[in-house]
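To keep things clear, I will list the structure first and then write my remarks on it.
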Amino acid sequence: MKRFLLVAVLLILVCVPVAVLLFLYNLPIDTRDPSPQQPIAFSHRLHAGDYSIDCRYCHRGVEVSPVAGIPPMATCQSCHMFIANDRPEVAKLLKFIERKEPVEWVRVYHLPEHVYFPHMMHIRAGLNCEKCHDKVASMERIERNVSLEMGWCLGCHRDYEASIDCWACHI
């Protein structure tokens, strides 16, 4: 009886942590809204689609920095002081500028802190923005359509024969 009890306790001590780890491993990396409401309804479809404004015009850091960055309001202001400044969403933007207050954009893409994802290296490797961000030019409101889980990233690294060494992405 003691032996049975000992085996049962050992099985529980081994199986429960393994089950918990498997459960956690299969959780989605990001459970936040994939298309959050923004303080200003910015249309990527209008700007990047209809007007064919290149991603790099607004996200200037994409080629030289690890992060693409949120455009400074001066970038928006350079056009909207003269164009469509009577539209309600542009009026909101101009009020932020007038008050010298930043727009609190809601982040759409999140990676764990231990993941190093330099946009500049991916752009230099010839990947276009759509590879990770989907067809932004057809989105009224930006939406996260890719998983950004490790397996998805590794698949891309294998497709492009990029390093799959752990230290290439994990810091």
Within region 75-94, is there a residue that is under 30 Å from Asp165 (Cα atoms) and exposed (fewer than 14 other Cβ atoms within 10 Å of the Cβ)? no
Taking region 157-171 and keeping only residues that are over 12 Å from Val115 (Cβ atoms) and not hydrophobic (A, V, I, L, M, F, W, C), one is left with His157, Arg158, Asp159, Tyr160, Glu161, Ser163, Asp165
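Condition check: more than 18 Å from Asp54 (Cα to Cα), aromatic (Phe, Trp, Tyr) and in contact with a Leu (Cβ under 9 Å, 6 or more places away or on another chain). Does Tyr116 satisfy that? So that I can check it myself, show each step before the final result.
Working: more than 18 Å from Asp54 (Cα to Cα): yes; aromatic (Phe, Trp, Tyr): yes; in contact with a Leu (Cβ under 9 Å, 6 or more places away or on another chain): no.
Spelling it out, it is not the case that Tyr116 is more than 18 Å from Asp54 (Cα to Cα), aromatic (Phe, Trp, Tyr) and in contact with a Leu (Cβ under 9 Å, 6 or more places away or on another chain).
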Listed by first then second residue, the pairs whose first member lies in region 85-114 and is of a type outside the set (S, T, N, Q), whose partner is outside any loop (DSSP other than H, G, I, E, B), with beta carbons under 6 Å and at least 6 positions apart or on separate chains, are Val90/His80; Leu93/Cys76; Ile97/Met73; Ile97/Gln77; Val103/Phe96; His114/His170
Here the residues within region 115-142 that are farther than 18 Å from Val67 by Cα and either touching a helix residue (DSSP H, G or I) at 6+ places or on another chain (Cβ under 7 Å) or in contact (Cβ under 8 Å) with a residue 60 or more places away in the chain (or both) are Ala137, Ser138, Met139, Glu140, Arg141
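Just so you know, all these numbers are worked out from the coordinates, no wet-lab data involved. Computed from a predicted model, the values in this text were never measured in an experiment. Cβ: placed from backbone, ideal geometry, glycine included. Neighbour counts: every protein chain shown.
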